[in-house]
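Participant: Encoded as structure tokens, here's the structure I'll be asking about.
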Amino acid sequence: MKSRITPTNTEVPLRDDDWIVSKTDPTGRIIYLNRTFMRIANYRESELLGRQHNAIRHPDMPRGVFRLLWETLKQEREFFGLVKNMTSDGHYYWVFANITADINAAGQTVGYVSVRRQAPVAAVHAVMPLYAEMLRIERESGAATAPEASVAYLWQLLAAQQTTYDRFVLGLYQQ
Ligand SMILES: Cc1cc2nc3c(=O)[nH]c(=O)nc-3n(C[C@H](O)[C@H](O)[C@H](O)COP(=O)(O)O)c2cc1C
């Protein structure tokens, strides 16, 4: 497996009936991935099992989005988001993701489950400038405070539109 992947400008298209599924342990280490995940991301199962989910992270994704993702999960809420991921060849694909906790009979969170589908084109166009601005803010603020800075910007934007993150992101899916 390549340790460092160079991003390309090639988009991998998802079909209407593609559902990308993965499960992680409580730290985000992949413990299950379905065949659709392997086909789209172009990895064999053995290459991703046991690895952190950031293995498919695309550098165009602001860190603030993942900060929000983990904060939402820690608050025992489900997360919805538009995510640009990277394949093993450096190609990209956009998904609309839902992540929920996997809770056992004793009420303990034993991991997380993510189900993703094709992101609507209009939704991708709506978040691209937002993510670009979040990335710019992160670069400007420096590594230590990057996620806080870009999340603060996102909250400001949502407050100005008198909406919440969930309403904003679910509204994008309906576009
Ligand atoms: C169930 C689950 C699914 C995830 N799916 C993705 C994903 O598709 N792409 C991604 O970049 N990060 C995903 N993450 C978030 C990663 O764990 C990680 O926070 C993110 O890639 C940023 O990693 P980094 O801050 O170490 O670079 C997922 C996390 C969980 C718990």
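Quick note: the coordinates plus some simple rules give every number you see, no bench work behind them. Not measured: the values here are computed from a predicted model. Positions of Cβ are generated from backbone atoms using ideal geometry, with glycine treated the same way; all protein chains shown enter the neighbour counts.
Participant: Using a Gaussian network model of the chain whose springs link C-alpha atoms within less than 10 Å, name the residue from A149, A160, A106 with the highest mean-square fluctuation.
Facilitator: The residue that fluctuates most here is A106.
Participant: Net charge around M61, counting only other residues with Cβ within less than 14 Å of its Cβ (Lys, Arg = +1; Asp, Glu = -1)?
Facilitator: +4
Participant: Let me ask something else about it. Once Lys and Arg get +1 and Asp and Glu get -1 on their Cβ, which of T164, T145, G28 lies farthest toward the positive end of the dipole of the chain?
Facilitator: So the residue we want is G28.
Participant: Please identify every one of the trypsin sites (Lys or Arg not before Pro) in the stretch 1-88 that sits in a loop by DSSP and has no more than 16 other beta carbons within 10 Å of its own beta carbon.
Facilitator: K2, R4, R15, R44, R51, R77
Participant: Using only DSSP helix segments of four residues or longer, with each worth -39500 (n - 2.57), what per-residue ellipticity at 222 nm results for the chain after dividing by its residue count and rounding to 500?
Facilitator: -12000 deg cm²/dmol
Participant: Which of T6, T100 comes first, and how do the rest follow, when ranked by fewest Cβ neighbours within 10 Å?
Facilitator: T6, T100
Participant: How many nm is it between the label spots at L170 and N98, if each spot is 7 Å from the Cα in line with the beta carbon?
Facilitator: Between L170 and N98, the label points sit 1.0 nm apart.
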